[in-house]
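Shown next, in structure tokens, is the structure this report addresses.
The values are calculated or read from the model by the stated rules, or taken from the named source; none is laboratory data. Please read these numbers as outputs of a predicted model, since none were measured by experiment. With ideal geometry, Cβ positions are generated from the backbone for all residues, glycine too; neighbour counts draw on all protein chains shown.
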Amino acid sequence: MTTPLANKSTLEEIRTRFDQDVERFSNLETGQQATIDAPLVLELVAQTCARHLRPQSTVLDLGCGAGNFTLRVLREVGELHCHLADLSRPMLDRAEQRVRAGGAASVRTYQSDLRALSFPEGSIDCILAGAVLHHLRDDEDWTAAFEHFHTWLTPGGRIYVSDLAYFEVPEAQELMWGRYGRYLESIGGEDYRAKVFAYIDKEDSPRSLPYQLDLLKACGFAQYDVLHRTSVFACYFAVK
Ligand SMILES: C[S@@+](CC[C@H](N)C(=O)[O-])C[C@H]1O[C@@H](n2cnc3c(N)ncnc32)[C@H](O)[C@@H]1O
């Protein structure tokens, strides 16, 4: 990661890139292939959700893309009230269409930066955040976002996060980054690896797993645990 925070992509640049990339996020069976174990993570999140959500619960999907996480949870839980939030209108349109067809009890969409969203205290049973929190930038951004998530959730409500998560120990990061590079080459060759690494460097500012777990506790979450970790990716949940 060589690009300093101040020179990372603007919201407008990020929105424009995703506006043109809807198809890549519209396959529920493969998930997003630039992340390792995407189908497994979708399954783990959905099956864990099914153990605490009931039909008619309220779910908020942050950076919903074309709706894969909500769709997979709907398949497991049944009718849900779905709030879909994303910067990109084409993503939201595709997500809304798929989530309605997937049996949602209701759907509302929000074209917004996740930092500008606001929901009433205790109004959301479950927050899903798939590959989006890496767009948060400095510590203030991360802290304010986690505080909002805690406020919006009902008591006992949960957040599920799946994202890039760096290793703080440099040798581990180097090893895992190399493994991720080889994974990308195995599905799309060297050019694909270079393209993905370039946009991660320009667009993303992920944090380590310990950073995120410590922040959850500091923001009042009662419990958390890791559902899956592979290479530079992690999937965890936290309970209010
Ligand atoms: C990598 S995609 C993941 C989509 C979906 N969660 C999935 O896993 O298939 C990230 C999505 O987050 C959206 N996004 C990026 N930055 C955002 C922000 N600051 N606020 C809201 N959405 C954002 C993008 O438009 C894109 O649709």
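Overview of values
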| item | result |
| --- | --- |
| Residue within the stretch 190-208 that is polar (S, T, N, Q) and modelled with pLDDT under 95 present | yes |
| Search result, residues across the stretch 163-189 that are closer than 25 Å to G63 by Cβ, at pLDDT 95 or above and not in a helix (DSSP H, G or I) | D163, L164, A165, F167, E168 |
| Yes/no for T58 being over 16 Å from the mean Cα position of the chain (by Cα), within 19 Å of T154 (Cα to Cα) and among the β-branched types (V, I, T) | yes |
| Enumerated strands (runs of 3 or more DSSP E) restricted to the stretch 63-143, each holding at least 2 residues that are more than 23 Å from E29 (Cα to Cα) and modelled with pLDDT of 95 or more | 106-111, 124-130 |
| Subset of the stretch 49-84 [within 16 Å of the ligand (Cβ to nearest atom), of a type in the set (K, R) and more than 24 Å from H134 (Cα to Cα)] | R75 |
| Filtered residues of the stretch 164-178 (kept if within 15 Å of the ligand (Cβ to nearest atom) and closer than 18 Å to K217 by Cβ) | A165 |
| Tabulated pairs, the stretch 105-118, first over 15 Å from A95 (Cα atoms), second assigned to a strand (DSSP E or B) and within 12 Å of the ligand (Cβ to nearest atom), C-beta under 7 angstrom, 6+ apart or interchain | L114/L62; L114/A85; L117/A85; L117/Y110 |
| Pairs with Cβ under 8 Å, 6+ apart, first in the stretch 170-186 and under 17 Å from V196 (Cβ atoms) and touching a residue at least 40 places away in the same chain (Cβ under 8 Å), second basic (K, R) and in a helix (DSSP H, G or I) | L184/R193 |
| Those residues of the stretch 134-163 which are closer than 28 Å to A6 by Cβ, within 12 Å of the ligand (Cβ to nearest atom) and touching a residue at least 40 places away in the same chain (Cβ under 8 Å), in sequence order | H134, H135, L136, R137, V161, S162, D163 |
| The stretch 19-47 - residue that is crowded, with 19+ Cβ neighbours inside 10 Å and not in a loop (DSSP other than H, G, I, E, B) and, of those, nearest to the ligand (Cβ to nearest atom) | F25 |
| Where L128 falls short, out of the listed (1) within 9 Å of the ligand (Cβ to nearest atom); (2) closer than 30 Å to E185 by Cα; (3) surrounded by fewer than 17 Cβ atoms within 10 Å (Cβ to Cβ); (4) not aromatic (F, W, Y) | (3) |
